[in-house]
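Working notes for the structure below.
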Amino acid sequence: MEIVRYDINRYSPGQMVVLPLVLLLIAGMVLAASTFMTGTPVELGIDFAGGTAVTVFTPDSVAEIEAYFADYPLLSIDESVNNGKYIKFGPMEDDQFRALSEAVVDRYPNAGIDQIGETFGKTLQQQALLALIFSFIGMSIVVFIAFRSAVPSIAVVLSAFSDIAITAAAMSILGMPLSLGTTAALLMLIGYSVDSDILLTSRVLKRKGKLAEKLGGAFRTGFIMTTTTLSALVAMWVVAVAGQVQIIAAIASVLIIGLVIDLMNTWLLNAGIIKWYVQKGGNR
Amino acid sequence: MNRDTLKKLVTDWQVALVLVLVAASLIGIYLAPPAFQNGIEGNLQFGLDLEGGSWLQLEFQSAIVGFTTDRPMNEVIPELEQQLDTQVLLIDENTVEIQKLYTRAELEPVFAAAGAQIVSYQQGVSQETADTVKRTLEEKVNSLGTMDAKINVLTPTGSDYPQYVRVELAGVDMATAQEIVGKQGVFEIRIQTTGNESVHVVYGDAISSVSPPSRESMNGAWGVPFTLNDAGAEAFRQAALTYGAVDNPEAHHLVMLLDGEEVFNGALNPSLANQLRSQPVRSLQATTGTGEEGLEDAKSLEIHLRAGALPVGVQIVGSGSVPAALGEQFKTMSILAGLLALVAVGVVVYYRYREPFIVVPMLAINLAEIIILLGIARYIQQLDLAAIAGLIAVLGTGIDQLVIITDEVLHEGRVPSPNLYMKRYGRALGIIAVAASTMFIAMLPLALMDLSTLRGFAIITILGVVIGVLVTRPAYGKIIMAILSK
């Protein structure tokens, strides 16, 4: 494919892994700084922090909506095309929530409402964290079983870890909240990221031939794989944003960021490690 | 492609399997039972966010406490009940359910005073109580006519006891949903006078507590123990004396009504009748009968005695509603997103291979994968927005893996000799099997966790990966081989 100018065989393993490792380090610092300043590595959405979200289509301006909900702990109003609004409120007492849901229905009978209590949000947080840990451990075990060799397995696991860490840092910088949907996207990223890593590792370690040819071939296949997936996700994202389908838009945007980062991690970090491993004779 | 190739293809078992499954799925979605009136949706089930409706997530205000004591249980438990002002149920040898939410720190001194020591504490209820809650809620919903309702008891991962119950009501707004869940019926106890006539004795507010069904030691009959308050017990005694139930129990049955419907009809027990002659009796038991049937009746009666009140307090910890119109719009958007994703994938793949003989089978197999997935999902999983995101993600991984197969088996657009082809084909399947296993493992926790609203997402993704790796992707390899070797 002509648009890709990256020649995987031009650089030494050392040169290849520098950029991803530096980014991983920066991501670590961003997440640490965010934890230090706000208490969590990534901003928590209402699923985890508690609160209320209202999805509505209305020609009302943001100022009008703000005025209407002046009595409630309004956090933000996101606008999208064709008058879609996504209004977020902080946690509130039961009575106030009842009053709010009546106020919403009065003015916007076709609004969707979602509310999560603060303590329930904490429970969901713990559950999501458990899911993330179990997924990651499970993935690592499968990878180790598949390759039965330390360096290639560690390379795959490291690049999946780096995908998640850098994507989370990007979410933190862009102010994309962590919700159930985006947690699912991060889990899915574990699966997606390993796809291209396994392709790379299998091609290089299990096929005969020149290393440069195998790397080049793996890259061509891997790149087309990731771009087709990206195209499906971009289509999904465009429609979801236009139609104000919050959860799908959130899943799609995290996956898009994650897959772009995965391109880097697979073809610089993982490929760099594999190249070094084969050149030093680890394949025998 | 000529007739021979086609014949060879259809007789290949992997390709045939795909065709059979696609046909079966289409039949399941549209024909069994016929669902033409639903248009493109057929028999697929949709979640609340696409169908419109409301959900409430309720948390049990109750604790399960394990403890040790040297004293007999029948002394400790009444003391606890009195101190804590709530029912305390023994659920196994040394574990109790306290039907009011106290923190462990609040309970420690109370248990210490009763000569017991707490060894474990968890928020939640026993499985039996959770079942009663579920049945009570189901009964309330059913009493309002046919309504599409789902009531699920949820146990957080890492906990041993149910802690939440989730109520989903299709086509109902949130205010109505809250009303239905909070609604209580009117319960009344009456006494038979002559013939079919009866008179009022007490209302449900005279019942101070209701216990789960228990078995009488004498005859093994099931019954529901309950207690009346002092005023209620006095009224009960007076009625039994006035209408002659004490002297002739068989002719003067007790009748219990919930919202005007009879839920119990039975005679006063002779020994109870004797007791009533001298004093009011607070603790009563309504006997329903022996065996399985007696137990089932007792369970229903327990719910009726509570008149729709739940055995433990609940708090709304989450809720939501989607109006039907918004759900409809989400549905349209989801279909659009899926179609656009398929087109986008088609364009990219065509740009890469420029070969209709590769691109068309690729997209066809992808479509087949989604049809089979929907065909299975129709029976096991309702589609919500998250599940649709999963569906589109599956489309993405599906194409990924078809690209792996294509690039693995083809060399500069040509198909090698059959032997070499099969070897490479096997290697490609090896790669996708490993990739699929990791996706499967990564999604498994979400699919198993009770609490996540992302079960649909995880289940659809897992299903898609499994169908892909076992059925459709191997078939694709065969199709490419048959078409391109010509």
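The values are calculated or read from the model by the stated rules, or taken from the named source; none is laboratory data. Owing to the predicted nature of the structure, the values given are computational and were not obtained by experimental measurement. No Cβ is skipped: glycine too gets one built from the backbone with ideal geometry, and neighbour counts run over all protein chains shown. In case anyone asks, the SASA skips ligands and DNA or RNA and just uses the protein heavy atoms, side chains included. Shrake-Rupley method; radii C 1.70, N 1.55, O 1.52, S 1.80 Å.
Is it the case that the range A:48-58 has a residue that's part of a helix (DSSP H, G or I), within 23 Å of the chain's Cα centre (by Cα) and within 28 Å of A:I166 (Cβ to Cβ)?
yes
Just to be sure before I move on: is A:G50 open to solvent by less than 30 Å² (accessible area, probe 1.4 Å) and either within 14 Å of chain B (Cβ to nearest Cβ) or farther than 30 Å from A:R98 by Cα (or both) in the structure I sent?
Against the criterion (open to solvent by less than 30 Å² (accessible area, probe 1.4 Å) and either within 14 Å of chain B (Cβ to nearest Cβ) or farther than 30 Å from A:R98 by Cα (or both)), A:G50 qualifies.
Let me confirm something: among B:Q127, B:Q99, B:Q87, which residue is within 16 Å of B:P213 (Cα to Cα) and modelled with pLDDT under 90?
Within the list B:Q127, B:Q99, B:Q87, the selection yields B:Q87.
From A:M264, A:M225, A:M236, grab the single residue that is assigned to a helix (DSSP H, G or I), away from every other protein chain (no Cβ under 11 Å), of a type outside the set (S, T, Y) and on the phi < 0 side of the Ramachandran plot.
From the options A:M264, A:M225, A:M236, the qualifying one is A:M264.
Among the residues of the range A:230-284, what is the count of those that are modelled with pLDDT of 90 or more, open to solvent by 10 Å² or more (accessible area, probe 1.4 Å), closer than 30 Å to B:Q329 by Cβ and not aliphatic (A, V, I, L, M)?
Total meeting the criteria: 3.
Could you say which residue among A:G175, A:G209 is more than 11 Å from chain B (Cβ to nearest Cβ), open to solvent by 10 Å² or more (accessible area, probe 1.4 Å) and closer than 30 Å to A:Y86 by Cβ?
Result of the check over A:G175, A:G209: A:G175.
Name every residue in the range B:148-179 that is open to solvent by less than 50 Å² (accessible area, probe 1.4 Å), away from chain A (no Cβ under 14 Å) and either without any contact (Cβ under 8 Å) to a residue 12 or more places away in the chain or out of contact with any Ser or Thr (no Cβ under 9 Å at 6 or more places or on another chain) (or both), in order of residue number.
B:A149, B:I151, B:V153
Scan the range A:192-200 and give yes if some residue there is modelled with pLDDT under 90, assigned to a helix (DSSP H, G or I) and either basic (K, R) or more than 24 Å from A:I154 (Cβ to Cβ) (or both), otherwise no.
no
Please verify whether B:D407 is among the charged types (D, E, K, R) and assigned to a loop (DSSP other than H, G, I, E, B), treating the condition exactly as stated.
The answer is no for B:D407.
Enumerate the strands (runs of 3 or more DSSP E) found wholly within the range A:74-144, keeping only those where 1 or more residues are away from chain B (no Cβ under 12 Å), crowded, with 19+ Cβ neighbours inside 10 Å and touching a residue at least 12 places away in the same chain (Cβ under 8 Å).
So the answer is A:84-89.
If I go through the range A:19-47 residue by residue, how many of them are within 16 Å of A:L269 (Cα to Cα) and touching a residue at least 60 places away in the same chain (Cβ under 8 Å)?
So the count comes out to 7.
Only residues that are open to solvent by 70 Å² or more (accessible area, probe 1.4 Å) and touching a residue at least 40 places away in the same chain (Cβ under 8 Å): list them for the range B:353-381, please.
Scanning the range B:353-381 gives B:F357, B:Y379, B:I380.
Taking helices (runs of 4 or more DSSP H) that fall entirely within the range B:287-401, which contain at least 3 residues that are within 12 Å of chain A (Cβ to nearest Cβ)?
Those helices (runs of 4 or more DSSP H) span B:324-353, B:356-380.
Checking B:D70 against (1) crowded, with 19+ Cβ neighbours inside 10 Å; (2) acidic (D, E); (3) under 29 Å from B:V125 (Cα atoms), which single condition isn't satisfied?
B:D70 satisfies every listed condition except (1).
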